[in-house]
1. Is the C-alpha gyration tensor of region 44-137 telling us rounded, prolate or oblate? Criteria: a/c under 1.5 is rounded; beyond that, a/b larger than b/c is prolate, otherwise oblate.
2. Between Val247 and Glu119, what's the calculated FRET efficiency when r is the beta-carbon distance and R0 is 22 Å? Round to 0.05.
3. For Met129, what charge total do you get from the other residues with a beta carbon under 12 Å from its beta carbon, if Lys and Arg give +1 and Asp and Glu give -1?
4. With contacts defined as alpha carbon pairs under 8 Å and 6 or more residues apart, what's the relative contact order of the chain in percent?
5. Would you mind getting me the FRET efficiency between Ala215 and Ile136? Use the beta-carbon distance for r and R0 = 25 Å, nearest 0.05.
6. Classify region 150-249 from the C-alpha gyration tensor, please: rounded if a/c falls under 1.5, else prolate or oblate depending on whether a/b exceeds b/c.
7. What ranking, highest mean first, results for peptides 88-101, 227-240 when packing means the other Cβ atoms within 10 Å averaged over each residue?
8. Give, in nm to one decimal, the length gained when the segment between Arg66 and Asp229 is fully stretched (0.36 nm per residue of separation minus the Cα-Cα distance).
Amino acid sequence: MIIDAHAHLGYDEVFDVDFPESELIESQETNGIDITLVQPPTVHDLAGLRRHHDTVADLVRRYPGRFYGIACPNPHLPGDEYETESRRCIEELGFVALKLHPFGHAVNPGGKHGRRVFEVAETLGVPVMVHSGAGIPWAAPSLLRPIAVEHPNLKIVLAHAGAMILSTEATLLAADCPNVYLEPSWVGGFAIRNWVREFGANRVMLGSDHADNAATELAKYRSIGLTEDELSWALGKTAMTVFGLKVGK
């Protein structure tokens, strides 16, 4: 079982890049990926966000068991709009997590709007994936330590695991907080091997970020000397456990 825990669908208004559905399908079929977790691109307004969430939900419906949704509302949405849209995605559309993008949404994870993401996720009983690496200071892994400590039962997935430049911060965070999991897309293979050895493969999960990066990410895991059991966890079982996925659902 191979699970890509980090992919996108749609046009991203912040990073000016498009993530077409055809590339997600091709990535699965070419690389033998069984399940892909898909999140919308970065958008700011509620109406646009709802359209993108609905597009992800439509993909999930058309390819049952192959795709699951991750919601990514803008934490700066006014009033109760953030919680309302998050609840719609989890309870009505069947999404399996929330995403916080400190860089894309220009939000401090430890600030008022950033903390609402973790509070809502804990209320809804789902993990939070958090972008890290590019976009400091808000994308620094170290900012998540007090949050992870305050929410010990909340699973936090560190997308890009610091993206090499802050991989040491990711290591320190994971060492201090057992509820933090590492998704090391764009990170060197030696760092992934070290994390598997130090924390166990059940704390590490595959993610591509871009569909055409999936083959590279898979090659990294398969070339760094992991055991078959470690590969089984890092390539699929960790994500399945963290996100509560059920094959054939």
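Please treat every number below as a calculation from the coordinates, not as lab data. What you are looking at is a predicted structure, and each value in this text was computed from that prediction instead of being measured. Backbone-built Cβ (ideal geometry, glycine too); neighbour counts: all protein chains shown.
1. Cα axes put region 44-137 in the prolate bin.
2. Efficiency for this residue pair is about 0.10.
3. Details: positive: Lys99, Lys155; negative: Glu183, Asp209.
With Lys, Arg at +1 and Asp, Glu at -1, the net is 0.
4. 18 percent.
5. The value I calculate is 0.30.
6. rounded
7. Ranking, from highest mean packing down: 88-101, 227-240.
8. 56.4 nm
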